Every structure is written in C-alpha cells, then in structure tokens.
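*Asks:* Sending over a structure as structure tokens; questions will come in a sec.
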Amino acid sequence: MTTKPDIHELRFVLYRYCLSLTRSPWDAEDLVQETCLKALPVMNGAIAHPNPTAYMLRIAKNIAVDQSRRKQLARRALQRQEEALDRLLSEARPDDRHELEFALRLLLQHLSPLQRTVFLLRELFGYKGQDVATKLSMSEGAVKAALHRARAAIAKLKQQSELAQLSPQQSEKQVDESLLFAYVNAVRDGNSQALVVLANAEEQVMDAVQAIGQLYSSQGSRSSVSMLYAA
C-alpha cells in the first residue's frame, strides 16, 4: 500500500517555487494548478514516488520553460505584425510582396470589409473622406466612423505584444488565400476600384472571383486576373 503525500505541504512548497519562477501571484497559482493536474497520480498516492516534492517541482519547471518559449514566439510574431503594419502605412507601394501579404493578412483578420476598405483608401491611397464616401456610396460621417474603428483596431493590435505574455496561444481568424492575393494585387497595382469591388464581394453583394475577373477584364488586364488566383 502506497503512502499518500502531505498535500498541503506539497502545495505550499510548490506555490513558493512557482512564485519564484513567475514573479507573479496569479501566474504562480496558474502554474500550481497545471502542475497539480499533471502530478495528480503522485499527489493522491495512486503512484508511488520516492521524492514527490522534487517530482512536482521538476514538472513545474518544465511547464514554466515551455510557457516562456511560447511567449517568446508570440512576442516575435506580434513584433513582426507591428513592423509589417508600419511598413504598410509608411510605403504607398511596397515592393516586398511577402511583407505586403503579411500586412494585408492582418487587416483581413482584424478589420471588417468596410473598415479595411476605408482604411486602405484613406491611409494608403490618400483619398479624402468625401472621395471615399462617393466611391463606397455612403455618407462622409459613416466613412469617418469606419476609419476611427479601423484605427482603434490596429492600435489595439500593436499593443498586443504586452498581452502576449498573458495569452501566448491567441488564435487568429483564417483568411481566404484567393481573397488575400486579390488585395495584394489591388494594392500593388494602385487599383482603388478593385478594393471597392472586393469589399462588395465580401459583403456578399457579388462573388469575389467573378467580381475581380470582371473588373480586370473590363480594364484589359486579363493577365492580372490569373495572377490574383495563382497557386
């Protein structure tokens, strides 16, 4: 028959150790809970261990190391996001397709079709509010509201490098790759009307592939259509 360890003593020692690792009472408590789950068979005496305390501290250390690695990866990813957005805002015609794809992917993930279109037309293409309103058949006030929400969403995204420490596994919205390539080519071509068509397509006013195909066909740029949806 196995001897059940003193749970209270184990948990007290474990908490003090986790606190030394995390430097935060809340993070330490989370680490204790996760460690206890992994070490439950030893804690309840179902599995005998010659040194339960050392066993649990080793588990806590391994978990803390894994969490630290995930946080570092998340911070690097968010830093890349911020740098890509800054490049998108500072360069009207980015030449690096990879960086442009990365930045536009973020906009597809975090902005609504209307917010994204207003943001790109105003900040990247340099259109005035009234011109954007005319293109999108909406009021100038609605354009200003959409731009404000877009800027707020992007500002929040740039601040997430701090939040990454609390949520290193934040999930991202999946992006339709054909839609992303359509945006990339519209921006690279300086085609503001293509952005409007894409916004309408996303709002299910028309099919995205058909809409872009018709747009470029009418402009005599059939070669651009194949580029939009190339694998």
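*Asks:* Modelled with pLDDT of 90 or more, part of a helix (DSSP H, G or I) and among the hydrophobic types (A, V, I, L, M, F, W, C), is that true of Leu85? Steps first, answer last, please.
*Replies:* Numbers: modelled with pLDDT of 90 or more: no; part of a helix (DSSP H, G or I): yes; among the hydrophobic types (A, V, I, L, M, F, W, C): yes.
The answer is no for Leu85.
*Asks:* Take the residues of the range 97-149 that are assigned to a helix (DSSP H, G or I) and polar (S, T, N, Q): which is nearest to Ser192 (Cα to Cα)?
*Replies:* Per the criteria, the residue is Thr117.
*Asks:* Take the conditions modelled with pLDDT of 85 or more, part of a helix (DSSP H, G or I) and surrounded by 15 or more Cβ atoms within 10 Å (Cβ to Cβ) and apply them to Leu157. Does it pass? Before the answer, list the steps.
*Replies:* Numbers: modelled with pLDDT of 85 or more: no; part of a helix (DSSP H, G or I): yes; surrounded by 15 or more Cβ atoms within 10 Å (Cβ to Cβ): yes.
No; evaluated as a whole, the condition is false for this residue.
*Asks:* Restricting to the range 177-200, and then to whatever is under 16 Å from Gln115 (Cα atoms) and over 23 Å from the mean Cα position of the chain (by Cα), can you tell me which residue is surrounded by the fewest Cβ atoms within 10 Å (Cβ to Cβ)?
*Replies:* Checking each candidate, the answer is Gln193.
Let's see how each residue does on (1) surrounded by fewer than 15 Cβ atoms within 10 Å (Cβ to Cβ); (2) more than 29 Å from the chain's Cα centre (by Cα); (3) modelled with pLDDT under 90:
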position: His8; (1), (2), (3): yes, yes, yes
position: Arg16; (1), (2), (3): yes, yes, no
position: Gln67; (1), (2), (3): no, no, yes
position: Arg93; (1), (2), (3): yes, no, yes
position: Arg97; (1), (2), (3): yes, no, yes
position: Leu114; (1), (2), (3): no, no, no
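The values are calculated or read from the model by the stated rules, or taken from the named source; none is laboratory data. Note that the structure is predicted; figures quoted are calculated from it, not measured. As a convention, Cβ positions derive from the backbone with ideal geometry for all residues, glycine included, and neighbour counts pool all protein chains shown.
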